[in-house]
Amino acid sequence: MDSIHWIFNILVPPVGLLLLLCFLPPYIFFKLFSYIRRSIFSENVAGKVVLITGASSGIGEHLAYEYGRRGSRLALVARRENRLREVAEKAMSEGSPEVITIVADVSRVEDCKLFVDSTVKHFGRLDHLVNNAGIVPVCLFEHSTDVTNFAPAMDINFWGSAYSTYFAIPHLRESRGKIIGITSSAGWLPAPRMIFYNASKAAVINLYESLRTELGKDIGITIVTPGLIESEMTQGKFLSKDGRIILDQEMRDVQVSVMPIRSVSEAAKAIVNSACRGDSYLTEPAWVRTTFYWKAFCPEMLELLNRWLLISGPSEKDTISKKILHVSGLKKYLYPESIMKPNLKAN
């Protein structure tokens, strides 16, 4: 048995690389042709039923507006009832013919069954499931006062997506519908202090890639891996080391530094366009995808750079990344006005 692995270790890498080089040109041509075809025959979502979790703010909120402009009927899910009502009213003013709101916690399996069943009962069908709800813990692993405080990252980010997907699949198969999983480029980026968030998003990416293999063409799955998007997280809303939701713009400046923050309305438009085309993946903004190749080919360099920028400095909130942001004077150009003057509450 060991001799077989020895032979494979010698033969498989060069043969695999050679096959990849032969396969790559026709594959790229096929992908380009497929993209053009899907763009021409993009789905019209007018009248379609779209369920969006985490719809009270950020990407989820603006996805509601974008789907609304295209005439979709919406089921909006989040924990904040007042905010949901405000989003629902605006989505209708943008063009949605009908919007229902459902107060629910995606980390609770019974809530996920409830909002999927309620949507189908009300509208009679389900066409798009947008799993967007998420939470961002920010803390160095060793500084956690109780590591179980970060369980909500997996409960909401991963299990929330898994539960709602599980209950939605029969209805999506019937409508030949789609799942849009809002994950994150953090799923492949080794950023310190975001270890639980990174791990949860990596799990979601793998969930949908594996599920796509199981489902085949019955249900389309678009995996969205955003970079930094205008949201409550980029305003500094985090889960702290003691398990509380806090607002910490100093830590936001440490983690974000001089990375430009993408307009949430433009990101939402790109996500809906991608879902309607039936794309397998979308990274928004597109340039962030280059970090995936750094991770694949030069992981040590990426880890070293992130450690130097985000860890090195006199204190946890006085790092090189934060100094670069303030000394360069780029903050007012890279951060949207909503990020500079946030209007939100810690809870």
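The values are calculated or read from the model by the stated rules, or taken from the named source; none is laboratory data. Treat the numbers as computed from the prediction; the structure is a model and nothing was measured. Note that we place each Cβ from the backbone using ideal geometry, even for glycine, and neighbour counts take in every protein chain shown. Side chains included, ligands, DNA and RNA excluded: accessible areas come from the protein's heavy atoms. Shrake-Rupley method; radii C 1.70, N 1.55, O 1.52, S 1.80 Å.
Of Asp242, Asp279, all but one fail to be out of contact with any Leu (no Cβ under 7 Å at 6 or more places or on another chain) and surrounded by 16 or more Cβ atoms within 10 Å (Cβ to Cβ); the exception is Asp279. Of all residues in the stretch 154-201, those being aliphatic (A, V, I, L, M) and not in a helix (DSSP H, G or I) number 6. Could you say whether any residue in the stretch 217-233 is farther than 21 Å from Met154 by Cα, open to solvent by less than 20 Å² (accessible area, probe 1.4 Å), in contact with a strand residue (DSSP E or B) (Cβ under 9 Å, 6 or more places away or on another chain) and among the charged types (D, E, K, R)? Scanning the stretch 217-233 turns up no residue that is farther than 21 Å from Met154 by Cα, open to solvent by less than 20 Å² (accessible area, probe 1.4 Å), in contact with a strand residue (DSSP E or B) (Cβ under 9 Å, 6 or more places away or on another chain) and among the charged types (D, E, K, R).
Table: residues versus (1) open to solvent by 30 Å² or more (accessible area, probe 1.4 Å); (2) within 23 Å of Leu207 (Cβ to Cβ); (3) touching a Lys or Arg at 6+ places or on another chain (Cβ under 6 Å).
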{"site": "Lys113", "(1), (2), (3)": "yes, yes, no"}
{"site": "Arg125", "(1), (2), (3)": "yes, no, no"}
{"site": "Leu129", "(1), (2), (3)": "no, yes, no"}
{"site": "Ala133", "(1), (2), (3)": "no, yes, no"}
{"site": "Pro137", "(1), (2), (3)": "no, yes, no"}
{"site": "Leu140", "(1), (2), (3)": "yes, no, yes"}
{"site": "Phe150", "(1), (2), (3)": "no, yes, no"}
{"site": "Ala153", "(1), (2), (3)": "no, yes, no"}
{"site": "Ser161", "(1), (2), (3)": "no, yes, no"}
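Take Pro192 and tell me if it is surrounded by fewer than 24 Cβ atoms within 10 Å (Cβ to Cβ), out of contact with any Asp or Glu (no Cβ under 6 Å at 6 or more places or on another chain), free of Cβ contacts under 8 Å to residues at least 40 places away in the same chain and not aromatic (Phe, Trp, Tyr). Against the criterion (surrounded by fewer than 24 Cβ atoms within 10 Å (Cβ to Cβ), out of contact with any Asp or Glu (no Cβ under 6 Å at 6 or more places or on another chain), free of Cβ contacts under 8 Å to residues at least 40 places away in the same chain and not aromatic (Phe, Trp, Tyr)), Pro192 does not qualify. Against the definition (free of Cβ contacts under 8 Å to residues at least 60 places away in the same chain, of a type in the set (Asp, Glu) and surrounded by 10 or more Cβ atoms within 10 Å (Cβ to Cβ)), how does Glu66 come out, yes or no? For Glu66, the condition - free of Cβ contacts under 8 Å to residues at least 60 places away in the same chain, of a type in the set (Asp, Glu) and surrounded by 10 or more Cβ atoms within 10 Å (Cβ to Cβ) - is not met. Of all residues in the stretch 288-303, none are of a type in the set (A, V, I, L, M, F, W, C), open to solvent by 20 Å² or more (accessible area, probe 1.4 Å), within 25 Å of Asn132 (Cα to Cα) and free of Cβ contacts under 8 Å to residues at least 24 places away in the same chain. Please state which one of Ala186, Ala199 is of a type in the set (Gly, Ala, Ser) and open to solvent by 40 Å² or more (accessible area, probe 1.4 Å). None of the other options fit; the residue is Ala199.
Evaluated against (1) crowded, with 19+ Cβ neighbours inside 10 Å; (2) under 19 Å from the mean Cα position of the chain (by Cα), Val87 falls short on exactly one condition, (2).
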